[in-house]
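Visitor: My structure is below; once you've seen it, I'll send some questions.
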Amino acid sequence: MNIRHKIAISITASLFFVSQLAHAQWNIPEDSKTLKAPKPVSAESVIAGKALYNTNCASCHGQPGENNAIALSPKPTDLGSSEFQARSTEGSVYFQVSEGMGTMPSFKTSLKDDECWQLAQYIRSFSAEGAVDLSSQSKDLDLRLDLTSKEHKIIAVAYDKGASVEGVKVAFFIKRYFGNLPIGVSKTNANGFAQAQFPTDIPGADTLGTTEVIVKFAEEDLYGKKIITEKVAWGKPFKFINPLDDNHLWASRANTPTWLLLSYLGVVGGVWLTILWVVGQILKIRTYGKWH
Amino acid sequence: MKDKSRNEHHDDSNKTSRRDFLKKGILVGAGTVLAGGIVTSFDAFAQGGDTIKVMTTDGKVLKIPASQAIEVGARTEETMQKEGRLGIPGRKWTMVIDLSKCQNARMCMAACQSAHQLKPEMHHINVLQMDHGIGTAPYYMPKPCQHCDNPPCTKVCPVDATFKRQDGIVLVDNERCIGCRFCIAACPYSARVFNWTDPKDKEKYEELEYNMEMNVPQKRGTVTKCVFSADRLREGKLPYCASACPNGVYWFGDMNEDAVTNGTSKETVRFSELVRDNAGYTLLPELGTQPSVYYLPEKDRRVPFKTDLNLNEKHH
């Protein structure tokens, strides 16, 4: 066997080994593969799954079908790819989500069982059999806001060409510096009303308690992106106390604590006074010497 | 002002003029881009007025009439020094690190080191391997500066180079730092590092204005530390480390708003609830340093700890 053969064999062997590493470690039991979700796939479950995907999976896997996973080793699978979909079922994805493998964490402690199924149904919606047509069900709805200042209730009204719509999920948020803080999701009733209670203890932006409320459709894929913002004075009044207005030991020169400044000046002054006194005494001795 | 005169004194005249030229070029270049990147009137050309060459932020060199060039409000070193000292009014930044999520991806460290011109061995944030004692489960612990509300480091600085701002961030001004390293000795969290050698890519960064909110350009013989990405916070963005984490370890926010946002999932939750419900704690509370960084215990870890070190070994 010459050296070329040896190289060729070792390269083939290492390639085989690498491919084994990349794929063969998922050990999905056969009965898991045929397992079906307790609830059949629907627009609702796919949309819920999408939201879960974006919070839990997208940071590593990227968006399905866009091949934009982050550079980890091994590289996270593009879950929208046809290769992945070809070897997957609803049950196998559910197993992978809940159990995890290697660098991929197990989500059964952080997600509920039905959330794992929603994730599986969303991921499978990129295959032919799991696909859900959202466009045929989507409506372009409008949203209006009614604020009852007495009880601090935010009431949203969903309507379609003047008529109110029932059963639409509306999400309520409070604007914060880096993102929106969710305060509730509720479905519109027969009159098209959905409501949320403004929390009593949330700090506002100023002494009046000004807070910005944001209302959206929870299922934006179905009802369109409508964002309504409104400023209300319902937050806890907030007054900023600047720590630099006070004197502290940790502060810079301008904010030195008085006791420190006084004791320092006292010590320095004392030393100087002593020196002056000694010099004075020496001068006195000299003048005495001149006289006598 | 004192520092400025000191710096100018040290610069030789040649370098100052080149730096000034670049400074103006960048300002004017940014101006043209902001104005839509198009110079609409060429009257000055027709009249034979003075023209200047400017470089746009996307690297194109343009010739524009000098009279048309407008200086835009780019942040000069002077404003950066002033604003950097003051901080962002009304805010009190806080970070919550969820130890149960950390699996040592070290992407926080990489993002931080590239943003702050740090060599691989220098850390503003470091992921440590920890345990609580013999027989306990080891875990990973990212450790940035704790941005204490009673910081021992600022107390010992003899030249006011390290200081605390109104929004709670502890910064270092490397124009003032004399490299005495008292602060490194005072910090109980070992959060500070010293530039023993010339910083990474010194030539590349040399011409930049000093931004103390990033502590870039770094300078040999000065101390550097985590700055809570003060430059990003000004733009409403989460810190470099928090945004780079793929595992949802970092929550960052404003304690005055009682909200923190996850760097990975971008979820926002109540700070008080997160820390209360998950038994959040601070490091070495007995020292009374009052850190702004909170930790959530390493329970329900989603991946097994992998290491070649046996941290549970009994030491004699």
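Visitor: Go through the residues of the range B:213-223 one by one and say whether even a single one is of a type in the set (Gly, Ala, Ser) and surrounded by 17 or more Cβ atoms within 10 Å (Cβ to Cβ).
Guide: Pass one, the range B:213-223, residues of a type in the set (Gly, Ala, Ser): B:221.
Still in the running and surrounded by 17 or more Cβ atoms within 10 Å (Cβ to Cβ): none.
Within the range B:213-223, none of the residues are of a type in the set (Gly, Ala, Ser) and surrounded by 17 or more Cβ atoms within 10 Å (Cβ to Cβ).
Visitor: Would you check which residues across the range B:252-261 are within 7 Å of chain A (Cβ to nearest Cβ) and among the aliphatic types (A, V, I, L, M) and list them?
Guide: B:ALA259
Visitor: If you don't mind, there's one more thing I want to ask. If I filter the range B:136-148 for residues that are assigned by TED's automatic domain parsing to the domain that holds B:GLU209, under 18 Å from B:TYR294 (Cβ atoms) and of a type in the set (A, V, I, L, M), do I get at least one hit?
Guide: Quick first cut of the range B:136-148, residues assigned by TED's automatic domain parsing to the domain that holds B:GLU209 only: B:136-148.
Narrowing the set further to residues that are under 18 Å from B:TYR294 (Cβ atoms) leaves B:139-148.
Next cut, of a type in the set (A, V, I, L, M) only: B:141.
Yes, the range B:136-148 has at least one match.
Visitor: If you don't mind, there's one more thing I want to ask. Here is a list of conditions, (1) touching a Leu at 6+ places or on another chain (Cβ under 8 Å); (2) surrounded by fewer than 18 Cβ atoms within 10 Å (Cβ to Cβ); (3) among the aromatic types (Phe, Trp, Tyr), and B:TYR295 meets all of them except one; can you say which number that is?
Guide: With (1) touching a Leu at 6+ places or on another chain (Cβ under 8 Å); (2) surrounded by fewer than 18 Cβ atoms within 10 Å (Cβ to Cβ); (3) among the aromatic types (Phe, Trp, Tyr) applied to B:TYR295, the lone miss is (2).
Visitor: Considering only the range B:216-226, I want to know if a residue exists there that is within 14 Å of another protein chain (Cβ to nearest Cβ) and hydrophobic (A, V, I, L, M, F, W, C).
Guide: Step one: of the range B:216-226, the residues within 14 Å of another protein chain (Cβ to nearest Cβ) are none.
No, the range B:216-226 contains no residue that is within 14 Å of another protein chain (Cβ to nearest Cβ) and hydrophobic (A, V, I, L, M, F, W, C).
Visitor: Inspect the range B:174-183 for any residue being assigned by TED's automatic domain parsing to the domain that holds B:ARG220, assigned to a strand (DSSP E or B) and either of a type in the set (Ser, Thr, Tyr) or more than 14 Å from the chain's Cα centre (by Cα) (or both) and give the result as yes or no.
Guide: no
Visitor: May I pose another question? Is there a residue in the range A:106-127 that is aliphatic (A, V, I, L, M) and out of contact with any helix residue (DSSP H, G or I) (no Cβ under 8 Å at 6 or more places or on another chain)? Give the derivation first.
Guide: First, the residues of the range A:106-127 that are aliphatic (A, V, I, L, M): A:111, A:119-120, A:123.
Filter once more, so that each one left must be out of contact with any helix residue (DSSP H, G or I) (no Cβ under 8 Å at 6 or more places or on another chain): none.
Scanning the range A:106-127, I find no residue that is aliphatic (A, V, I, L, M) and out of contact with any helix residue (DSSP H, G or I) (no Cβ under 8 Å at 6 or more places or on another chain), so the answer is no.
Visitor: Suppose the filter is exposed (fewer than 14 other Cβ atoms within 10 Å of the Cβ) and either away from chain B (no Cβ under 14 Å) or farther than 28 Å from B:ASP300 by Cβ (or both); does A:ASP160 pass it? Talk me through it step by step, then tell me what you get.
Guide: Values: exposed (fewer than 14 other Cβ atoms within 10 Å of the Cβ): no; either away from chain B (no Cβ under 14 Å) or farther than 28 Å from B:ASP300 by Cβ (or both): yes.
Here the answer is no, as A:ASP160 does not meet what is asked.
Visitor: Same structure, new question: When you check A:VAL41 against the structure, is it within 25 Å of A:LEU134 (Cα to Cα), of a type in the set (Val, Ile, Thr) and in contact with a Ser or Thr (Cβ under 8 Å, 6 or more places away or on another chain), yes or no? Working first, answer last.
Guide: Working: within 25 Å of A:LEU134 (Cα to Cα): yes; of a type in the set (Val, Ile, Thr): yes; in contact with a Ser or Thr (Cβ under 8 Å, 6 or more places away or on another chain): yes.
Yes.
Visitor: Another question about this same structure. For the range A:206-238, give me each residue that is touching an Asp or Glu at 6+ places or on another chain (Cβ under 8 Å) and closer than 17 Å to B:GLY90 by Cβ.
Guide: Within the range A:206-238, A:GLU212, A:LYS231, A:LYS236, A:PRO237, A:PHE238 meet the criteria.
Visitor: A further question follows. Has the range A:201-216 got any residue that is at pLDDT 90 or above and at positive phi?
Guide: Looking for residues that are at pLDDT 90 or above and at positive phi, one finds at least one in the range A:201-216, hence yes.
Visitor: Sticking with this one: Evaluate the range B:231-248: report whether one residue or more is touching a Ser or Thr at 6+ places or on another chain (Cβ under 9 Å), surrounded by 23 or more Cβ atoms within 10 Å (Cβ to Cβ), more than 10 Å from chain A (Cβ to nearest Cβ) and among the aromatic types (Phe, Trp, Tyr).
Guide: yes
Visitor: Next question. If A:TYR122 satisfies every condition in (1) within 21 Å of the chain's Cα centre (by Cα); (2) more than 14 Å from every other protein chain (Cβ to nearest Cβ); (3) surrounded by fewer than 14 Cβ atoms within 10 Å (Cβ to Cβ) but one, which is the exception?
Guide: Unmet for A:TYR122, out of (1) within 21 Å of the chain's Cα centre (by Cα); (2) more than 14 Å from every other protein chain (Cβ to nearest Cβ); (3) surrounded by fewer than 14 Cβ atoms within 10 Å (Cβ to Cβ): (3).
Visitor: Based on what the data block shows, is A:ALA163 at pLDDT below 90, in contact with a helix residue (DSSP H, G or I) (Cβ under 8 Å, 6 or more places away or on another chain) and on the phi < 0 side of the Ramachandran plot?
Guide: Numbers: at pLDDT below 90: yes; in contact with a helix residue (DSSP H, G or I) (Cβ under 8 Å, 6 or more places away or on another chain): no; on the phi < 0 side of the Ramachandran plot: yes.
So A:ALA163 does not fit the description; no.
Visitor: Go through the residues of the range B:262-273 one by one and say whether even a single one is within 14 Å of chain A (Cβ to nearest Cβ), touching an Asp or Glu at 6+ places or on another chain (Cβ under 6 Å) and aromatic (Phe, Trp, Tyr).
Guide: Here is the first cut: in the range B:262-273, the residues within 14 Å of chain A (Cβ to nearest Cβ) are B:262-273.
With the extra rule that they be touching an Asp or Glu at 6+ places or on another chain (Cβ under 6 Å), the set shrinks to B:270-272.
From what is left, the residues that are aromatic (Phe, Trp, Tyr) are B:271.
Looking for residues that are within 14 Å of chain A (Cβ to nearest Cβ), touching an Asp or Glu at 6+ places or on another chain (Cβ under 6 Å) and aromatic (Phe, Trp, Tyr), one finds at least one in the range B:262-273, hence yes.
Visitor: Here is a further query. Identify, by number, the condition in (1) closer than 23 Å to B:TYR139 by Cβ; (2) within 11 Å of chain A (Cβ to nearest Cβ) that B:ARG276 doesn't meet.
Guide: (2)
Visitor: Name the helices (runs of 4 or more DSSP H) wholly inside the range B:189-276 in which the number of residues that are touching a residue at least 60 places away in the same chain (Cβ under 8 Å), touching a helix residue (DSSP H, G or I) at 6+ places or on another chain (Cβ under 9 Å) and over 17 Å from B:LEU99 (Cβ atoms) is 2 or more. Even if it seems obvious, please write down each step before you answer.
Guide: Numbers: elements: B:202-205, B:230-234, B:240-244.
Result: B:230-234, B:240-244.
The values are calculated or read from the model by the stated rules, or taken from the named source; none is laboratory data. Keep in mind that this is a model prediction, so the values were computed, not measured. Positions of Cβ are backbone-derived with ideal geometry, glycine not excepted, and every protein chain shown enters the neighbour counts.
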